[in-house]
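S.K.: Quick one: this structure, given as structure tokens, is what I'll be asking you about.
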Amino acid sequence: MINKQVKIHQLIGIEGATLLVFATDDCWQFRVLTVSGAVFGERKIYFTPHTAEKAAREWIHEDCEE
């Protein structure tokens, strides 16, 4: 069994949801958590926490415009 550790970098309240930026191994990802407990995001990886946060904010903004 592989023991993957997750490092939470940021929790940000944005657009009525919670943005989570986290690291697994040597890459960064994001997820968006809603008040109802749903979890959304893409499975893309980013090389820095800043690029993961930037992508998440763009993703949230696009999702809110629809």
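S.K.: Loop only by DSSP, 11 or fewer other Cβ within 10 Å of the Cβ. Give me the trypsin sites (Lys or Arg not before Pro) in the stretch 7-66 that pass, ordered by residue number.
M.R.: Working: sites: Lys7, Arg31, Arg43, Lys44, Lys54, Arg57; in loops: Arg43, Lys44.
Listed in order of number, the matching sites are Arg43.
S.K.: Still on this model: Between Lys7 and Ala38, take the C-beta separation as r, use R0 = 22 Å, and let me know the FRET efficiency to the nearest 0.05.
M.R.: Working: r = 23 Å, r/R0 = 1.05.
Calculated value: 0.45.
S.K.: Among Phe30, Phe22, Phe40, determine the one that fluctuates most according to a GNM of the chain built with springs between C-alpha atoms less than 10 Å apart.
M.R.: In this elastic network of the chain, the residue with the biggest mean-square fluctuation among Phe30, Phe22, Phe40 is Phe40.
S.K.: Same structure, new question: What are the semi-axes of the equivalent ellipsoid of the chain, taken as the square roots of 5 times the eigenvalues of the Cα gyration tensor, listed largest first and rounded to whole Å? Could you put the intermediate results ahead of the total?
M.R.: Values: eigenvalues 88, 36, 20 Å².
Over the Cα atoms of the chain, the ellipsoid semi-axes are 21, 13, 10 Å.
S.K.: While we're on this one: Identify the residues of the stretch 21-51 with backbone N under 11 Å of a label point that sits 7 angstrom from the Cα of Arg57 along the Cα-to-Cβ direction, or state none.
M.R.: Answer for the stretch 21-51: 50-51.
S.K.: Where nothing but the Cβ of Lys and Arg (+1) and of Asp and Glu (-1) is charged, how large is the charge dipole of the stretch 2-44 around its Cα centre, in debye to the nearest 20?
M.R.: On the way: 5 positive and 4 negative charges, 20 e Å.
I would put it at about 100 debye.
S.K.: While we're here: Quick query: amide H of Gly41 versus all other amide H atoms, modeled in the peptide plane; which residues come in under 5 Å with a sequence gap of 5 or more or a different chain?
M.R.: The list, which skips near neighbours in sequence, is Val32.
We did not get these values from a lab; they are worked out from the coordinates using the rules stated. Since the structure is predicted, the reported quantities are computational estimates derived from the model, not experimental observations. All Cβ positions, glycine included, derive from the backbone under ideal geometry; neighbour counts span all protein chains shown.
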